[in-house]
Amino acid sequence: MYLIIVVFSYPSIDPVNFDLIIVGTALSECVIAVAASVVGKTILHLDPNSFYDSHFASLSFHNLTSYLTSPHSLPSAATVVASSNSDDIVVVDLVHQPFYTDAETATYDESVFLSENLRKFNIDLGGPRALFCADKTIDLLMKSGAAQYLEFKGIDESFVYEANAGLVNVLDSRGMIFRDKKLSLEEKNQLIRFFKLVQ
Amino acid sequence: MHGRPRKALKQEDEAASAAKTEKLRSVQAQFLANHHNHIYSKEALDLSAKLLEVNPECYTAWNYRKLAVQHFLSNSDSDPHSIFDDELKLVENALRKNFKSYGAWHHRKWVLNKGHSSIDNEMRLLNGFQKMDPRNFHAWNYRRFVAELMKRSDEDELKYTEEVIATNFSNYSAWHNRSVLLSNLLKRKAEGYFPKEKVLEEEFEHVHNAIFTDPDDQSGWFYHLWLIQQTVKIDAPLLVSSWPSHGSNITLIGDNDLRGCGLSLLNGTLSNPGTLPIILYFNQAVEGINSSTVAIKSELLKEELIWKPLSMNNSNTAQFWVVYLNLGNFELQPSKTYSVEINIGHSKGIISSNGNHFDDPSQISCKVFVQTASSEPTEGQGGKRTTWKDTNFQKIDHFQESDSILPADQNHHIPTTSNWCTEEIGEEITKVRDLLSEYDCKIGKLTLARLLSALDSLSFQYDGRKSNTEEVLQLYTDLMKLDPTHYLYYKDEHSLISLKRITSTRDSLLPYCHYYKDATETITGYVCLRLRNLSLSRMGSIENLLWVQMLDLSHNELQSVEGLEAMQLLSCLNLSHNKFGSFTALEPVRLLKSLKVLNISYNELGSHSIDTTRYLCSSPVSHAEEFAWDRFELLTDSINATKFWEAFLIFGSLTLTELNITGNAVADENFRSFLVKVLPTLKWLDDEELS
């Protein structure tokens, strides 16, 4: 059983007993919720915001401004403790690191373009994440089924910035080694042998 | 697909496959009925289209489509455009099923050749298929066809190969296409592709990236080999050797007694000469050798000369040519010297197979000396049996004459190689050595061996440059161990290099030359070249052996004697203890008119059920050679010996006096009887004297 409810008010909830109550809908909370659900626990998943929580939200334009300007406050664990009379509850505080220390917003006059197109854009606070193909996170995403809601894109090229040379291509394939004009022939041979060694 | 194991089908897959097969068989049966009855209705056409989309490999169906198209075109109401459009759509569908289908590509070419179809889409289609399978050589062949049709320039196509190779340089077809295009551009000296040297240097640099990036990928190496060949190749035919050599002296003996004759490698001695051969050895097959292109002036010349190509397949083109001066009608004066002057190529007309003209007029002068007849009486038996034991041979310590075996004037036949070729090959040697120091790979070693051999052939011994022979031999020896799959190839190359080394100078050849002593321990006139126990698997350097009259190649690993037909002076030949597996492997021997003694004992004649050299041999079946059927039938009348036709083909034109076939599986009484009939001149068979 796994329920996730975005709460705007406090309606009554049935059932009233849960193995786990989670506050907040960031990725870490969601992963915990899914993991507990998989092993058969009952979970109550709460969030005081009208959007997914914190660093991992993808916000519409309006939500972005309200997110940035509103005080960042979560119900503290003490509140939860105070609300409860039972000694069976174990309270765990998840620590979140804010991804910005200060934010300043400036509002420009809204144009017709913005009015018409605001709903077409979402802003991903966390940005895209780079994962290795063989990373354990991939296994987790596949097992939990979360991969169905994600899109993947391969990295086409990598660059190294050198002060005097600017962006320099990182050679990562046989074809690129073949085409490269800077490496000497011996260096090409050494590099391809390194590739074969680490494969 | 290569290297992928077959997997057993699962039960349900097997059932589905069986159902599919049954349906296909039904479609095919209907199609064949339509084809047989020349039915070209729409239903019949649709059926053939269905068959081809399932199985594009069905050539019969493609042929049926061609017949149907011709049928419709003969109808005056037909619209050629739509007919051919349908064909092109079908081809495209078939190629999506299997883009390696030759029949589909060929059909598309056939349709385009009719001239009714637009070629605008062909490049788009090609690019699509070549993206799916970049190495598909059918697509590359078709691309060359379309590029020509569109009059697309070689330069643009060359740029395309560059792009494809840049994407993945492991593309044999793209490299090959590049060599085809460059050949065209170099041939017509296109702007930007002249001189040849600049182009080849750039191409070498281009392919270096491939062979250094991944030396185990052989696609670049094949292109590299092509570049080497372009660098060292000599287009024009050249005379590399002749007999008599320029400046030589020929001694003619009036009788069979060779006692007391002067002997030398260069200055030949002929016994019982009814004819005097003149042999020309070119660097490639040529035609147009006749009495006007090769003019001979001599007092010995009394009649029109007929030059003959020494060719196995009755061709007018050959690498070796011979003419015989007939001395039988001429009364030779004792102690007189006759001069012979041969002028080659002063008239145009000598052309190589690829259309290049002989453009190096040269002259050969020699002297023919008639020896005074011996005062001793001629023996009545007409000669003794030849034996090949060590005791019959005496090493030659030195020669009296100061002449070199390869006269200095021989250099006249050597082309003036440009310095660029030598430098370029030298640079490639350095590059390959650099690579081998980084990474040891078989094909790198093979390329180094080839480059070193090429360098040796470009820069001869006369300029004092050290030979690379030892290193090349070591490389091939290493390769035999590293790459046992290709052992025989490396062994052949090793043999060729060994023979080149042995025959390269007088000093290197001397240890292998022996005087022949007959049974009475008397030194005869023969100098025998003994190349035995050298593990030779292939013959080479024949151009340096034209003078040889007695040759011992026994105790080697020869399976053939290619090129031996040029040795027109050869009188005694020992091929004992080799690996000749069939008579057809002896075909060059058939052209040796001077041959009297042949030893092929202890070979494998008759041991192999499959004759691997028969397809190379001209035969009655191939109609390439005149076969004396009448004589053959007469000889085999009393013996059921039709299986001996190969032996008849080889021996039928020889006049052997001695033949030894001991130790071969074929050597039974029937065969011996057959041989006695085929060779009426035979005096000794298997070391036994015939009555």
Matching residues, segment B:349-366, being open to solvent by 70 Å² or more (accessible area, probe 1.4 Å) and at pLDDT 90 or above:
B:His357, B:Gln363
How many residues are open to solvent by 10 Å² or more (accessible area, probe 1.4 Å) and either part of a helix (DSSP H, G or I) or not assigned by the TED database to the domain that holds B:Ala61 (or both) when one looks only at segment B:114-124?
2
Flagged pairs (Cβ under 8 angstrom, 6 or more apart or on separate chains; first in segment B:158-177, surrounded by fewer than 18 Cβ atoms within 10 Å (Cβ to Cβ); second outside any helix (DSSP H, G or I)) are B:Thr167/B:Pro134; B:Asn168/B:Pro134; B:Tyr172/B:Arg135
Odd one out for B:Asn37, checked against (1) among the polar types (S, T, N, Q); (2) in contact (Cβ under 8 Å) with a residue 12 or more places away in the chain; (3) exposed (fewer than 10 other Cβ atoms within 10 Å of the Cβ):
(2)
Quick one: in segment B:567-616, of everything that is β-branched (Val, Ile, Thr) and assigned to a loop (DSSP other than H, G, I, E, B), which residue is surrounded by the most Cβ atoms within 10 Å (Cβ to Cβ)?
B:Ile600
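A quick yes/no check of all residues on (1) part of a loop (DSSP other than H, G, I, E, B); (2) open to solvent by less than 70 Å² (accessible area, probe 1.4 Å); (3) modelled with pLDDT under 70:
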{"site": "A:Ile21", "(1), (2), (3)": "no, no, no"}
{"site": "A:Glu29", "(1), (2), (3)": "no, yes, no"}
{"site": "A:Ala35", "(1), (2), (3)": "no, yes, no"}
{"site": "A:Leu46", "(1), (2), (3)": "no, yes, no"}
{"site": "A:Asn49", "(1), (2), (3)": "yes, yes, no"}
Being touching a Leu at 6+ places or on another chain (Cβ under 8 Å), under 30 Å from B:Ile83 (Cα atoms) and assigned to a helix (DSSP H, G or I) narrows B:Val199, B:Val111, B:Val207 down to just B:Val111
Quick one: A:Lys182 ticks every box in (1) over 20 Å from A:Ala26 (Cα atoms); (2) basic (Lys, Arg); (3) under 30 Å from the mean Cα position of the chain (by Cα) except a single one, so which number is it?
(3)
Report yes if B:Ala585 is over 23 Å from B:Asp611 (Cα atoms) and of a type in the set (Gly, Ala, Ser), otherwise no.
no
Residues (modelled with pLDDT under 90, open to solvent by 10 Å² or more (accessible area, probe 1.4 Å) and hydroxyl-bearing (Ser, Thr, Tyr)) located in segment B:246-281
B:Thr251, B:Ser264, B:Thr269, B:Ser271, B:Thr275
If you go through segment B:326-347 one residue at a time, do you hit one that is among the β-branched types (Val, Ile, Thr) and either open to solvent by 40 Å² or more (accessible area, probe 1.4 Å) or modelled with pLDDT under 90 (or both)?
yes
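What do you reckon, is B:Ser571 within 24 Å of B:Glu470 (Cα to Cα), more than 24 Å from the chain's Cα centre (by Cα), modelled with pLDDT under 95 and hydroxyl-bearing (Ser, Thr, Tyr)?
no
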Select from segment B:64-84 the residues that are of a type in the set (Phe, Trp, Tyr) and under 15 Å from B:His107 (Cβ atoms) and write down the one among them that is modelled with the lowest pLDDT.
B:Phe84
Among the residues of segment A:144-179, write down those that are within 23 Å of the chain's Cα centre (by Cα) and either within 13 Å of chain B (Cβ to nearest Cβ) or surrounded by 13 or more Cβ atoms within 10 Å (Cβ to Cβ) (or both).
A:Ser144, A:Ala146, A:Ala147
Only one of B:Asp552, B:Asp492 that is crowded, with 22+ Cβ neighbours inside 10 Å, outside the structural domain of B:Ser245 (by the TED database) and charged (D, E, K, R)
B:Asp552
The lone condition B:Ile405 fails out of (1) modelled with pLDDT of 85 or more; (2) not assigned by the TED database to the domain that holds B:Asn326 is (1)
Subset of segment A:180-199 that is of a type outside the set (Phe, Trp, Tyr), in a helix (DSSP H, G or I) and more than 10 Å from every other protein chain (Cβ to nearest Cβ) - its residue that is least open to solvent (accessible area, probe 1.4 Å)
A:Val198
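The values are calculated or read from the model by the stated rules, or taken from the named source; none is laboratory data. In this text the structure is predicted, and so the values were computed from the model without any measurement. Note that we place each Cβ from the backbone using ideal geometry, even for glycine, and neighbour counts take in every protein chain shown. Just so you know, the surface numbers come from the protein's heavy atoms only, side chains and all, with ligands and any DNA or RNA stripped out. Shrake-Rupley method; radii C 1.70, N 1.55, O 1.52, S 1.80 Å.
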